[in-house]
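The values are calculated or read from the model by the stated rules, or taken from the named source; none is laboratory data. Bear in mind the structure is a predicted one, so any value in this text is a computation, not a measurement. Quick reminder, even Gly has a Cβ in these numbers, built from the backbone with ideal geometry, and neighbours come from all protein chains shown. Each accessible area value is taken on the protein alone, full model and side chains, heavy atoms only, with ligands, DNA and RNA left out. Shrake-Rupley method; radii C 1.70, N 1.55, O 1.52, S 1.80 Å.
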Amino acid sequence: SAVISQKPSRDICQRGTSLTIQCQVDSQVTMMFWYRQQPGQSLTLIATANQGSEATYESGFVIDKFPISRPNLTFSTLTVSNMSPEDSSIYLCSVRDGAASNSPLHFGNGTRLTVT
Amino acid sequence: GNSVTQMEGPVTLSEEAFLTINCTYTATGYPSLFWYVQYPGEGLQLLLKATKADDKGSNKGFEATYRKETTSFHLEKGSVQVSDSAVYFCALSANDMRFGAGTRLTVKP
């Protein structure tokens, strides 16, 4: 399975600021997925990051709030912009563990964000 | 659309008790089914999977059988340990991945 490194592992930020989360994978992958896990909740897909094209955002998430970069096949960043306390969540990067569209996802350890 | 409904928690058991966490799904086509586990302070780890009807996924003493007739994928373990305390997520994958709400399991010594 791919090894996914996410940084930072946690952060406490003030409202109105922005935080960029980095995700590094030890192998080349076509798609990288960014999820949000709000306290006590399940996972919600924010967007899919494809190398060489703009990210595809899910309903309720917009590029201005969550800009994503995908400069190469092993790296992606997610920025949480103009943060408010409602953005306090765990943010998770993931990749498919296989080529098939129904392959399982493999996750990084996540970034635990607290906005004060 | 595709969705997963998971037994609500929290679930508290004594060590060596039998565990069942119910999961049912709604999907078009033939999705793959998964159970993920999230230990405190960590990301999600794949626990087991099943890719077609009647498949049984198993790992670390946990089992789940893909039941197409009842659209279910219940997680079971015969004898839980304190180290099994975690949040368990049922998930399905067709063209995208859908997760259940998660069930928090606490095992007491």
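Okay, here's what the table says:
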{"read-out": "Centre separation in Å (Cα based) which lies between region B:31-93 and region A:41-94", "value": "27"}
{"read-out": "Set of lysines near B:Lys60 by C-alpha distance (under 19 Å), chain-local residues within fewer than 8 positions excluded", "value": "B:Lys49, B:Lys77, B:Lys108"}
{"read-out": "Förster radius 22 Å - calculated FRET efficiency between A:Ser18 and B:Ser3 (Cβ-Cβ, nearest 0.05)", "value": "0.10"}
{"read-out": "Local electrostatic count, A:Thr111, Cβ distance below 15 Å [Lys/Arg +1, Asp/Glu -1]", "value": "+1"}
{"read-out": "Backbone HN-Hα couplings from phi across region B:32-37 [Karplus 6.51/-1.76/1.60, Hz, Gly and Pro as x]", "value": "8, 10, 9, 10, 10, 10"}
{"read-out": "Size of region B:1-76 as Cα extents on the principal axes (Å, biggest first)", "value": "37, 24, 21"}
{"read-out": "Mean Cα-pair separation over length for chain B, i.e. relative contact order, pairs under 8 Å, 6 or more apart, %", "value": "38"}
{"read-out": "Chain lengthening between A:Ser53 and A:Ala99 when straightened (0.36 nm per residue, less Cα-Cα)", "value": "14.6 nm"}
{"read-out": "Mean projection area, nm², convex hull over Cα of the protein assembly as shown", "value": "12.2"}
{"read-out": "Debye intensity ratio in log₁₀ form over the Cα atoms of region A:1-88, taken at each q of 0.13, 0.22 Å⁻¹", "value": "-0.42, -1.20"}
{"read-out": "Set of aspartates and glutamates near A:Lys65 by C-alpha distance (under 17 Å), chain-local residues within fewer than 8 positions excluded", "value": "A:Glu54, A:Glu86, A:Asp87"}
{"read-out": "Region A:37-115: Cα Rg divided by the 2.2 N^0.38 Å rule of thumb", "value": "1.12"}
{"read-out": "Interface size B-A, as summed buried accessible area [1.4 Å probe, Å², nearest 100]", "value": "1300"}
{"read-out": "Antiparallel DSSP beta bridges within region A:4-116, as percent of all bridges there, nearest 5", "value": "90"}
